[in-house]
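**Student:** The structure is given below, and queries will be raised subsequently.
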Amino acid sequence: MSQLPPGRDVGDLRLYKPPGIGERCSMLSKERAHGICAQVFEQSPTEDVEVLLFSTRGNSLRIAECGPSEQNALEEISLQIRVVREGRQGRARAASVDPASTGEALDTALKAAVLSPPLELPPLASKSGGGDGGQEEESVTALAEHPPAEKIAQVREYLEAARSEGLAVTGFYDTEGASVTYATGRGCFRHAFVGKARFSSTVIAEPGGAGVAGAVRQGEPLPDDEVAEVGRRAMKKALDSRDPRELEPGEYVVLLEPKAAGDLVMFLAMAGFGARGFLDGRSFLSGRIGTQVLSEKLTFLDDAGDPRFRGLRFDCEGQDRKRVVLVEKGIAKGPVWDRPTAEEGGTSTTGHAGPQPSVSGPNVSNLILRAEGEATKDLMEGVERGLLVTQFHYTNLIDPLPVTVTGMTRNGTFLIENGRITGPVRNLRFTQSLVETFSRVRAVGDDGRLVEPFFGGSVVTPSLLCEGFRFTSSTEF
Amino acid sequence: MDGQKLSPTLYEAIARAGLERASAMGASYADVRIVHEKTRILGVRLGRIGRIEQAETFGIGVRVLVGGAWGYAARPEVEEACASELAARAVEAARAGSPLRARPVDLTEEEPARGHWSSRWEEDPFEISMEEQFALLFEADEILRKNAAIRSTFCTMSFLREDQWLYTSEGTAVSQTALRSGAGITATAVGEGAVQTRSYPASFGGQYEQRGYELVRGFDLPGNAERVREEAVALLTAPPCPGGEFDVILGGSQLALQIHESVGHPNEFDRVLGFEADLAGRSFVTPEKRGSFRYGSPIVDLVADSTLDRGLATIGWDDDGVPARRWHVVEKGIHRNYLTNREFAKRLGDERSRGANRAWGWRYPPQIRIPNLSLMPGDAGTLEDLCEDMGEGFLLDTVKTWSIDQMRLNFQFTTEIGWKIERGKKAHLVRNPTYQGITPGFWASCDAICGPSEWIPWGVPNCGKGQPMQLAEMSHGCAPARFRGLTLMGG
């Protein structure tokens with residue numbers, strides 16, 4: 001699991017910044033990033049040198065027992081250098097961006113290249129490509145410097161209300177801004193800002209109730225009313241799920257709320273949407289391009305330009321990140337590619353490379369399950385007997401080809417009978433092929449939104465109504 | 001310490017700047033940690049370099065307690081002025097949060113510590129040329145590829161050296177150096193509509209210990225590659241593992257994960273009190289169970305040990321400055337103690353912390369982490385002896401996938417490989433073996449544990465916890481053990 005975060009007007013933080021201190025660790029402007037890259041290129045004996053430069057700044061609030069349990073602030077700069085000498089690759093990461101540190105890292109990378117066996121990769125980029133994407137510097141800076149006191153002010157009413165009702169609240173609210181730079185000694189330079197704000201909260205309501213809600217925004221802070229709404233939803237779900245009854249495992253129709261659907265979408269993507277697994281025959285798309293692989297109700301695409309992401313428009317090879325349709329109305333279209341896999345597969349890159357050389361190959365970065373469905377509030381209507389799932393917990397992959405996964409329900413599982421919720425049930429374990437699940441979609445909601453799956457990342461997904469979902473065992477709560 | 005980036009007096013001066021600023025701004029407690037990390041990760045995939053990375057980070061974190069609330073700030077800039085600024089940021093954040101806390105943080109007493117501790121190693125892996133290290137990986141990889149059904153390989157080794165300096169407002173001033181190494185090989189076969197993977201010595205990067213390059217040499221990766229390759233291919237056509245209740249022996253690396261997930265995490269006392277509920281979950285080991293709850297059968301002894309030789313979580317002191325300790329979590333099947341730091345030991349009512357407070361580098365504040373936590377060896381002899389004794393059943397080994405509920409009760413694990421045991425011997429392979437259970441019932445069904453000759457401190461280098469997510473490393477020593485009537489799900 002991992003992530004980033006966002007904020008607003010900073011004021012008080014700056015009071016404690018002595019002149020000259022902090023500048024080196026704040027988010028890097030385009031000019032500053034350019035200067036650091038130029039410094040590396042000047043130090044390098046070869047133009048076959050690549051720089052990946054990340055800078056982040058943010059802070060977070062953890063909540064437990066209806067109050068703050070941790071408040072953390074972090075600034076970090078990461079500079080990675082790759083050099084290519086006569087077809088040999090060397091990589092190193094610097095401890096800092098001062099000339100001594102970048103020189104040392106460059107030296108390490110050069111030595112690594114000399115000592116390494118040859119590995120021919122596509123030549124380093126020499127052009128800067130199209131727009132770099134990302135978000136406005138001003139809004140990302142506001143996220144980076146969102147004051148801890150403002151976070152406290154935004155959650156205060158919620159926490160006090162929960163405490164007065166005897167509920168236990170935990171949560172995590174963080175804001176972060178980052179700059180990302182890719183440059184080569186051959187003339188490519190790309191730079192963008194990205195930031196995120198997210199708030200998630202889990203409420204425990206005895207006996208046996210638990211609820212969760214969350215909000216995430218890319219490139220802008222969370223407004224007060226959205227934070228408050230997260231609290232209201234989490235409390236309601238927790239109160240509604242008290243006194244759950246036991247339910248026999250078996251096959252059920254499931255109505256997956258976006259947070260639950262997001263977990264499954266992410267596993268489908270990790271197992272099937274990257275070119276490495278596709279070429280190795282480990283993907284459910286392998287050998288099936290042009291055929292119906294999933295329900296015709298589903299279209300999956302990767303689109304950094306979607307307003308809910310506003311992500312980077314370049315990858316770790318400096319290539320343009322393209323909009324890619326992966327599955328269209330259930331028909332397999334193709335995976336995402338980087339240049340090495342594209343060369344192997346006889347096609348061109350889609351701009352989804354990670355740092356090279358790469359074992360796992362390219363992967364999706366801004367995944368969307370397109371919602372063209374009916375009103376989410378109507379999805380339950382035709383369900384005679386089924387389950388509403390709020391969230392899955394600790395889902396994991398068992399078998400990559402059918403994308404069989406297992407996991408638990410969590411934080412609000414409810415029985416649906418004759419089109420309406422009739423009460424909460426204890427949590428259940430599922431073991432299920434996702435290719436099967438995404439082929440048995442009865443309906444898609446109209447509530448597509450950005451969610452963060454359990455193991456990290458972000459996807460846009462609506463609620464899904466799926467048939468024949470297999471629950472294989474139960475637990476004690 | 002040869003990991004020194006600065007002179008010893010400078011570390012102290014930098015720390016003092018942070019501690020004094022925190023104190024002047026009203027902190028009742030403060031500490032400063034300075035950490036230098038150095039890593040090397042090499043990998044070969046299908047005859048080509050898959051990963052080559054050397055990295056260093058050097059940073060500082062300041063933790064403060066103000067009005068009974070924590071604040072923490074960190075940055076990769078180890079200077080006096082920076083320490084002072086970080087202290088101020090941490091104090092301001094803590095002060096803003098303090099009025100909303102239900103109760104103030106209070107810490108158990110601890111004598112100030114001074115000194116230096118270092119792990120032991122014979123060969124510094126950073127002094128071995130990458131050429132030599134890659135040659136070993138390429139040799140193993142070439143053997144793995146000698147079967148057309150093998151569609152993916154990965155041979156890797158990785159090394160981490162961490163030097164840390166800790167200073168507290170109570171007078172603790174300690175430094176420590178830990179060096180760990182790890183390596184492993186993996187082959188993935190595709191065919192017959194299936195994908196099967198085998199690994200050695202363990203999956204997910206192999207086996208890790210707090211040792212030098214001598215650990216990697218001892219694995220004989222090329223010498224095990226042919227077996228790994230052929231097992232991966234054979235699994236493609238092996239019969240699926242049947243479902244039902246069977247006697248099962250779990251191999252060491254698989255049992256290590258079981259210890260981690262069903263004993264380690266549920267006994268973190270912050271988690272028990274609900275502090276991790278928003279992400280990782282809570283725990284079934286509620287406080288009233290301490291001292292009386294039957295966690296497992298009478299032969300189950302689970303010992304936490306921050307002094308364990310070769311353990312990934314072996315330390316001189318934790319990040320509260322508490323000296324390394326050893327204690328029973330489960331003794332003769334009965335739950336005895338939790339994993340605590342100074343804050344949560346106080347909440348538990350203990351006089352002293354168990355010393356389990358550890359942070360991921362300099363970036364984040366420490367939190368309760370699983371230390372080295374081991375199942376003590378039994379008297380069932382070797383694995384061969386135990387199979388012989390079992391007669392009929394299954395032997396399952398090597399982690400493939402895992403999942404456990406948020407209270408750490410219902411689990412379901414799949415291993416890379418299984419063998420049907422008939423008349424005390426391996427009869428044939430079974431594919432996709434998956435077992436499922438509820439934690440106390442699982443440990444209660446343990447009726448035989450192999451002896452010390454089979455006991456290995458299996459390393460976990462990637463344990464995630466907290467928000468933001470922090471990684472930690474620890475070892476789980478164990479020998480293969482038998483579980484009666486375990487539920488297999490069918491392959």
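**Student:** For the range A:197-223, which residues satisfy the criterion of being within 12 Å of chain B (Cβ to nearest Cβ) and within 26 Å of A:Glu137 (Cβ to Cβ)?
**Tutor:** A:Arg198, A:Phe199
Yes/no per residue for (1) aromatic (Phe, Trp, Tyr); (2) surrounded by fewer than 17 Cβ atoms within 10 Å (Cβ to Cβ); (3) within 20 Å of A:Leu222 (Cα to Cα):
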residue	(1), (2), (3)
A:Arg85	no, no, no
A:Arg93	no, no, no
A:Pro99	no, yes, no
A:Ala112	no, no, no
A:Gly133	no, no, no
A:Glu138	no, yes, yes
A:Ala142	no, no, yes
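**Student:** Another question about this same structure. A:Thr413 - would you say it is out of contact with any helix residue (DSSP H, G or I) (no Cβ under 9 Å at 6 or more places or on another chain), within 18 Å of A:Val212 (Cα to Cα), among the β-branched types (Val, Ile, Thr) and more than 10 Å from chain B (Cβ to nearest Cβ)?
**Tutor:** Here the answer is yes, as A:Thr413 does meet what is asked.
**Student:** Taking A:Arg57, is it within 11 Å of another protein chain (Cβ to nearest Cβ), farther than 30 Å from B:Gly67 by Cα, touching a helix residue (DSSP H, G or I) at 6+ places or on another chain (Cβ under 7 Å) and crowded, with 24+ Cβ neighbours inside 10 Å?
**Tutor:** no
**Student:** Follow-up question, since we're still on this one. With A:Ala38, A:Ala64 as the choices, which residue is within 14 Å of chain B (Cβ to nearest Cβ) and farther than 18 Å from A:Gly90 by Cβ?
**Tutor:** None of the others qualify; the one that does is A:Ala64.
**Student:** Every residue in the range A:67-86 that is more than 7 Å from chain B (Cβ to nearest Cβ), under 22 Å from B:Trp360 (Cα atoms) and over 21 Å from the mean Cα position of the chain (by Cα), please.
**Tutor:** A:Leu79, A:Gln80, listed by residue number.
**Student:** Follow-up question, since we're still on this one. Can you pull out every residue in the range B:208-227 that is surrounded by fewer than 24 Cβ atoms within 10 Å (Cβ to Cβ) and either of a type in the set (Ser, Thr, Tyr) or under 25 Å from B:Pro433 (Cβ atoms) (or both)?
**Tutor:** B:Tyr213, B:Phe219, B:Asn224, B:Ala225, B:Glu226, B:Arg227
**Student:** Go through (1) over 24 Å from A:Ala332 (Cβ atoms); (2) assigned to a strand (DSSP E or B); (3) aliphatic (A, V, I, L, M) for A:Val383 and report which single condition fails.
**Tutor:** (2)
**Student:** OK, next. Starting from the range A:298-319, take each residue that is on the phi > 0 side of the Ramachandran plot and touching a residue at least 12 places away in the same chain (Cβ under 8 Å) and list its partners that are in a loop (DSSP other than H, G, I, E, B) and not small (Gly, Ala, Ser), counting only C-beta distances under 7 angstrom and pairs at least six apart or across chains.
**Tutor:** A:Gly318/A:Cys188
**Student:** Right, here's the next one. Being closer than 25 Å to B:Gly485 by Cα and of a type in the set (Phe, Trp, Tyr) is the filter here, so list the residues in the range B:444-463 that pass it.
**Tutor:** B:Trp455
**Student:** Residues to consider are A:Gly87, A:Gly35, A:Gly134, A:Gly129; find the one that is more than 30 Å from B:Val66 (Cα to Cα), touching a Pro at 6+ places or on another chain (Cβ under 6 Å) and in the same structural domain as A:Glu150 (by TED's automatic domain parsing).
**Tutor:** Among A:Gly87, A:Gly35, A:Gly134, A:Gly129, only A:Gly87 is more than 30 Å from B:Val66 (Cα to Cα), touching a Pro at 6+ places or on another chain (Cβ under 6 Å) and in the same structural domain as A:Glu150 (by TED's automatic domain parsing).
**Student:** (1) crowded, with 18+ Cβ neighbours inside 10 Å; (2) over 16 Å from B:Ile404 (Cα atoms); (3) of a type in the set (A, V, I, L, M, F, W, C): which one isn't true of A:Phe471, the others all being true?
**Tutor:** All conditions are met except number (2).
**Student:** Within the range B:457-483, can you find the residues that are surrounded by fewer than 20 Cβ atoms within 10 Å (Cβ to Cβ) and more than 14 Å from chain A (Cβ to nearest Cβ)?
**Tutor:** B:Pro461
**Student:** Now a separate question. In this structure, is B:Ala102 of a type in the set (Gly, Ala, Ser) and either closer than 22 Å to A:Ala94 by Cβ or more than 9 Å from every other protein chain (Cβ to nearest Cβ) (or both)?
**Tutor:** Criteria not met by B:Ala102.
**Student:** Quick one: in the range B:407-428, of everything that is among the basic types (Lys, Arg) and part of a strand (DSSP E or B), which residue is farthest from A:His393 (Cα to Cα)?
**Tutor:** Among them, the one singled out is B:Lys425.
**Student:** Which one of B:Thr434, B:Thr487 is among the hydroxyl-bearing types (Ser, Thr, Tyr), under 30 Å from B:Val190 (Cβ atoms) and either crowded, with 21+ Cβ neighbours inside 10 Å or within 22 Å of the chain's Cα centre (by Cα) (or both)?
**Tutor:** Among B:Thr434, B:Thr487, only B:Thr434 is among the hydroxyl-bearing types (Ser, Thr, Tyr), under 30 Å from B:Val190 (Cβ atoms) and either crowded, with 21+ Cβ neighbours inside 10 Å or within 22 Å of the chain's Cα centre (by Cα) (or both).
**Student:** One residue is enough: does the range A:199-210 have a residue meeting the conditions of a type in the set (Gly, Ala, Ser), part of a loop (DSSP other than H, G, I, E, B) and in contact (Cβ under 8 Å) with a residue 12 or more places away in the chain?
**Tutor:** Looking for residues that are of a type in the set (Gly, Ala, Ser), part of a loop (DSSP other than H, G, I, E, B) and in contact (Cβ under 8 Å) with a residue 12 or more places away in the chain, one finds at least one in the range A:199-210, hence yes.
**Student:** Please list, ordered by residue number, the strands (runs of 3 or more DSSP E) wholly in the range B:221-332 having 2 or more residues that are within 14 Å of chain A (Cβ to nearest Cβ) and at pLDDT 95 or above.
**Tutor:** So the answer is B:243-250.
**Student:** Would you check which residues across the range B:130-183 are touching a residue at least 24 places away in the same chain (Cβ under 8 Å) and assigned to a helix (DSSP H, G or I) and list them?
**Tutor:** B:Met130, B:Gln133, B:Phe134, B:Leu136, B:Leu137, B:Phe138, B:Glu139, B:Ala140, B:Asp141, B:Glu142, B:Ile143, B:Leu144
**Student:** I've got another one for you. Considering B:Arg198, B:Arg180, which residue is closer than 30 Å to B:Ala15 by Cα, in contact with a strand residue (DSSP E or B) (Cβ under 6 Å, 6 or more places away or on another chain) and of a type in the set (D, E, K, R)?
**Tutor:** Selected residue: B:Arg180, the only one of B:Arg198, B:Arg180 that is closer than 30 Å to B:Ala15 by Cα, in contact with a strand residue (DSSP E or B) (Cβ under 6 Å, 6 or more places away or on another chain) and of a type in the set (D, E, K, R).
**Student:** List the number of the failed condition for B:Ile41; all other conditions in (1) of a type in the set (A, V, I, L, M); (2) within 12 Å of chain A (Cβ to nearest Cβ); (3) surrounded by 23 or more Cβ atoms within 10 Å (Cβ to Cβ) hold.
**Tutor:** Here B:Ile41 clears every test but (3).
**Student:** Test A:Val97 against the criterion of being farther than 24 Å from B:Cys82 by Cβ, in contact with a Lys or Arg (Cβ under 8 Å, 6 or more places away or on another chain), outside any strand (DSSP E or B) and at the interface with chain B (Cβ under 10 Å from one of its Cβ atoms), and give yes or no.
**Tutor:** The answer is no for A:Val97.
**Student:** Further question on the same structure: Identify all residues within the range A:167-186 that are farther than 29 Å from A:Phe54 by Cα and either buried (at least 23 other Cβ atoms within 10 Å of the Cβ) or of a type in the set (S, T, N, Q) (or both); write none if there are none.
**Tutor:** A:Val169, A:Thr170 - these are the residues of the range A:167-186 that are farther than 29 Å from A:Phe54 by Cα and either buried (at least 23 other Cβ atoms within 10 Å of the Cβ) or of a type in the set (S, T, N, Q) (or both).
**Student:** What about A:Ala210, is it over 22 Å from the mean Cα position of the chain (by Cα) and under 27 Å from A:Leu450 (Cβ atoms)?
**Tutor:** yes
**Student:** With respect to A:Ser164, is the statement that it is of a type outside the set (A, V, I, L, M, F, W, C), within 30 Å of A:Gly214 (Cβ to Cβ), surrounded by fewer than 20 Cβ atoms within 10 Å (Cβ to Cβ) and over 22 Å from the mean Cα position of the chain (by Cα) true?
**Tutor:** Yes: the conditions hold for A:Ser164.
**Student:** For the range A:416-427, indicate whether the set of residues that are surrounded by 17 or more Cβ atoms within 10 Å (Cβ to Cβ), within 12 Å of another protein chain (Cβ to nearest Cβ), closer than 28 Å to A:Gly208 by Cβ and at pLDDT 95 or above is non-empty.
**Tutor:** yes
**Student:** While we're here: Checking B:Ser84 against (1) more than 30 Å from A:Cys66 (Cβ to Cβ); (2) surrounded by fewer than 20 Cβ atoms within 10 Å (Cβ to Cβ); (3) more than 7 Å from chain A (Cβ to nearest Cβ); (4) out of contact with any strand residue (DSSP E or B) (no Cβ under 7 Å at 6 or more places or on another chain), which single condition isn't satisfied?
**Tutor:** Failed condition: (2).
The values are calculated or read from the model by the stated rules, or taken from the named source; none is laboratory data. Quick caveat, the model's predicted, so the values are computed rather than measured. Glycine gets a Cβ as well: all are built from the backbone with ideal geometry, and neighbour counts include every protein chain shown.
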